[in-house]
Each structure stands twice: as structure tokens, then as C-alpha cells.
């Protein structure tokens, strides 16, 4: 999934000549503390809510307060992971998207990213989730997938995360079966540590709660 596929249908950019009051109104409407500033189809800067609120000049315009140094952006053909990395590294709620010629195409916001990530990991599909813990050197994708498949199930998605201050890692699997008792027994036979499981409808409830919680945080 590429950045061009993630563009928000609601977030609008600011113009450098816009009054700060308009910037604040749009930030409130779109539930974001940052908006891109676009001039003649080019990304000109980022307007932050903090700068707008700290301005004591009622006649101030966006171009007087916007950030223009090291403006973060991604290209239209960059992957979803690149968008996530940019957001995480720069602590951004939105990321502007440019084409290869530098023309502004739109903005990726948090809600679009959450929905895309949910689709990427098959979050809404029926099934179960298994979280394994292991030493990093013991990770073998083919073996893990084969254990699941030998029990008549299928891995729908998988992601790995290193445990902090440790040489161990977690491997999270989305499996297309609600009853995974046979799979869990197989992991036990192969000496895998099953840290957590979410089976059947519990998966949907858990993911739905997390999604709704994340959306509430983004609206604050």
C-alpha cells in the first residue's frame, strides 16, 4: 500500500496568506494540531496549532508563523511503512504527500493510517491471534508458518517486535481459525512460548476497542 492510496478526503491545506484564525478553525474541524501550507501547488511549510495560539498579533497570517525548515513529507509511491516511520520519528499527526516533481498531492492523517493498517493485518477478518515469545536467533518464519499449516490453518498476517533491553522478541500471528487449540498444542510440541492468545470473537472485540480508543485520542 502506497502513500497515494492513503490520502485524506477531508483535510485541506492552508494558504500562506490565510489568517491564523482560519488555520485554527480548520485544525478544530479536522481534529489535527498541524496542517500543511501550500502555495502554487507546492508544499511551503507546516502550520502548528501551538504557534497559532501563541501569536499575539490579530492580523498575523499563516506565512508569518509557519515552519519552513526541514518540512517533512513522503513521496506518492512510498510504502505505508515509510509514512508510519515519518510520523513516528517526527511525532506528526499528519504527513504531506508530494509527487516526484515536488507537487503537493494531499495529506495522510491518522484515521486513514489506522484503517489501512487494519486492512494490512486483516484485523476485521474472522480468526484468532497468537503472540509468541522467543530469542531473536530462534526466529524462523518458514517453520512457524509450517506449524500452523500442518494443523489445517493459515497465517493471514504476521509482525515482529523486539522486546526492550533484551535479546528476545515477540511474533504476533493472525490465524484464520477461531478454534486454535490444535495449533497451540503444536507450538508447545516445538517448544515455542505462547505469551498471549485472543481467540474467536474476543479478537474482534479487542481490536474494536483498541481502534475506537485510538480514534478518540486523535479527536482530543
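Does at least one position in the range 160-183 carry a residue that is part of a helix (DSSP H, G or I), surrounded by fewer than 18 Cβ atoms within 10 Å (Cβ to Cβ) and out of contact with any strand residue (DSSP E or B) (no Cβ under 6 Å at 6 or more places or on another chain)? Yes, the conditions are met somewhere in the range 160-183.
Looking only at the range 121-133, residues that are part of a strand (DSSP E or B) and either touching a helix residue (DSSP H, G or I) at 6+ places or on another chain (Cβ under 9 Å) or without any contact (Cβ under 8 Å) to a residue 40 or more places away in the chain (or both) come to 4 in all. Screening the range 142-155 for residues that are outside any strand (DSSP E or B) and either farther than 14 Å from residue 190 by Cβ or not assigned by TED's automatic domain parsing to the domain that holds residue 176 (or both) and picking the one that is farthest from the chain's Cα centre (by Cα) gives 152.
Take the conditions more than 25 Å from the chain's Cα centre (by Cα), touching a residue at least 12 places away in the same chain (Cβ under 8 Å) and surrounded by fewer than 18 Cβ atoms within 10 Å (Cβ to Cβ) and apply them to residue 39. Does it pass? For residue 39, the condition - more than 25 Å from the chain's Cα centre (by Cα), touching a residue at least 12 places away in the same chain (Cβ under 8 Å) and surrounded by fewer than 18 Cβ atoms within 10 Å (Cβ to Cβ) - is met. Checked against the criteria, residue 83 does not count as outside any helix (DSSP H, G or I), surrounded by 15 or more Cβ atoms within 10 Å (Cβ to Cβ) and either touching a residue at least 60 places away in the same chain (Cβ under 8 Å) or not assigned by TED's automatic domain parsing to the domain that holds residue 14 (or both). Being part of a helix (DSSP H, G or I) and under 24 Å from the mean Cα position of the chain (by Cα) holds for only one residue in 105, 92, 113, and it is 113.
On the basis of being in contact (Cβ under 8 Å) with a residue 24 or more places away in the chain, surrounded by 12 or more Cβ atoms within 10 Å (Cβ to Cβ) and out of contact with any strand residue (DSSP E or B) (no Cβ under 7 Å at 6 or more places or on another chain), does residue 106 make the cut? It is false that residue 106 is in contact (Cβ under 8 Å) with a residue 24 or more places away in the chain, surrounded by 12 or more Cβ atoms within 10 Å (Cβ to Cβ) and out of contact with any strand residue (DSSP E or B) (no Cβ under 7 Å at 6 or more places or on another chain).
Checked against the criterion of being over 12 Å from residue 3 (Cα atoms), crowded, with 16+ Cβ neighbours inside 10 Å and either in contact (Cβ under 8 Å) with a residue 40 or more places away in the chain or not assigned by TED's automatic domain parsing to the domain that holds residue 11 (or both), the range 64-77 contains one or more residues that satisfy it.
The values are calculated or read from the model by the stated rules, or taken from the named source; none is laboratory data. These numbers come from a predicted model, not from an experiment. Because the Cβ atoms are built from the backbone with ideal geometry, glycine has one as well, and the counts that use them run over all protein chains shown.
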